[in-house]
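See structure below.
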Amino acid sequence: MNADLDLLVQLNDYERPQDVAERAVQAEELGFDRITVGETTGWNIVPVLTLAADRTDELGITNDVISPFGRSPAMLAQTALTLHEASEGRFRLGLGPSSPAITERWHGLEFDRPLRRTRETIEVIRSVYENGNPAYEGDIFDIAGLNYEREVPENPPPIDLGTLGPKATEMAGRFGDGWAPQMFTKEGLEERLEDLSRGAELADKTVDDLRVAPIVRGIASEDRELARRKARGTIAFMLGAYGPYYGDSVAEQGYPEVVENIRAAWQDRDTERMAAELPEELLDELAPAGTPDEVREWVESYGEIDGVDAVRVGFVNETTEDEKVTTMEAVADLM
């Protein structure tokens, strides 16, 4: 496979931050290009990624994704530059517009103009990168500026954006260095890459200048039906219960009735019916789930989409440790 492989880790699966670092070592030994972790309402990812960077030598370090509502732009720049030094230049910063639930119910802020805030956050970070100072005048941020106390590296961390919609993805192409979408069928991803390309052109770039690393969540097991049951439950939950955005995106990709039915089941908190409403066809489109051979073939095919540089593989809910190892080893054979 020409595309790289990233490993997406869910922090809630681990007892200690040090356990994530051990997973990073395992990923490096198997040949993964980088490891990435998300942040919602659990651990702060910075110590976790620092441990992972310290325990590895070549593995890339990434986060999926930090909210622009949870930290100031200057603090995000500090975070990125610190992780850059901790990893000896292997860190990529992941940003995204976040969601109403995380913004309002965790950070206590109004979910107002998320795309504008994300764009201005990127511009402030780049001001620190380029000028050593966050001074900025915008619609959201008005920062007088102070100097960064350390020398800014010649090649500071790239900025990847996790977006779904056409406008947000155009923004990713224009202002970002990479794109990390998820819950896209092959056809849906190819169509959204056109928006990414349009944004890149606005900045005199092409998609080739960006690292495109779509996220997929899967599971490999010799017990095929068990694997597919676990994957079906996870994908259905993401479409029906995990905020509006994934469901809206998949509906726009040609499955409005499926999403509507899954959401109706969620209104009754009927997770079994949610899973039952997810057809085999859509499960196959969204998730590598089945035997190791099937998962390997799915990921390889997804990685062959024109414009994709890496496939970011995560695990579905309820995946056991043995199943995680089986899944990692299955896709590692592609490298």
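Coordinate-derived values only; no laboratory data. This is a predicted model, so every value here is computed, not measured. Positions of Cβ are backbone-derived with ideal geometry, glycine not excepted, and every protein chain shown enters the neighbour counts.
What the table below lists for this structure:
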{"item": "Positive-pole candidate from THR327, ILE125, PHE32, dipole of the chain, charges at beta carbon", "result": "ILE125"}
{"item": "Simple label model, 7 Å out from Cα along Cβ direction - GLU22 to ASN155, nm", "result": "3.3 nm"}
{"item": "Spatially close lysines, pair count over the chain: Cα under 29 Å, gap of eight or more or interchain", "result": "6"}
{"item": "Cα centroid separation - the stretch 236-266 against the stretch 63-140, whole Å", "result": "28 Å"}
{"item": "Lys, Arg +1 and Asp, Glu -1 on Cβ, resulting dipole of the stretch 223-287 about Cα centre, debye, nearest 20", "result": "320 debye"}
{"item": "Which of LYS205, LYS167 has the fewest Cβ neighbours within 10 Å, and the rest in rising order", "result": "LYS167, LYS205"}
{"item": "Correct option for log10 I(q)/I(0) by the Debye sum over Cα atoms at q = 0.08, 0.15 Å⁻¹ [calculated from the coordinates] among (1) -0.66, -1.15; (2) -0.36, -1.35; (3) -0.53, -1.28", "result": "(2)"}
{"item": "Top positive-direction residue, dipole computed over the stretch 223-287 with Cβ charges, set ALA227, LEU282, SER249", "result": "ALA227"}
{"item": "Net length gained if the chain between LEU146 and GLU321 were fully extended (0.36 nm per residue, minus Cα distance)", "result": "58.3 nm"}
{"item": "Counting all C-alpha pairs of the stretch 223-287, share separated by more than 13 Å (%)", "result": "56 percent"}
{"item": "Residue order, fewest to most beta carbons within 10 Å, for PHE315, PHE111", "result": "PHE111, PHE315"}
{"item": "Estimated [θ] at 222 nm from DSSP helical runs (n ≥ 4, -39500 (n - 2.57)) normalised by residues in the chain, nearest 500", "result": "-14500 deg cm²/dmol"}
{"item": "Dipole in debye (nearest 20) - the chain, about Cα centre, beta carbon charges: Lys, Arg +1; Asp, Glu -1", "result": "1040 debye"}
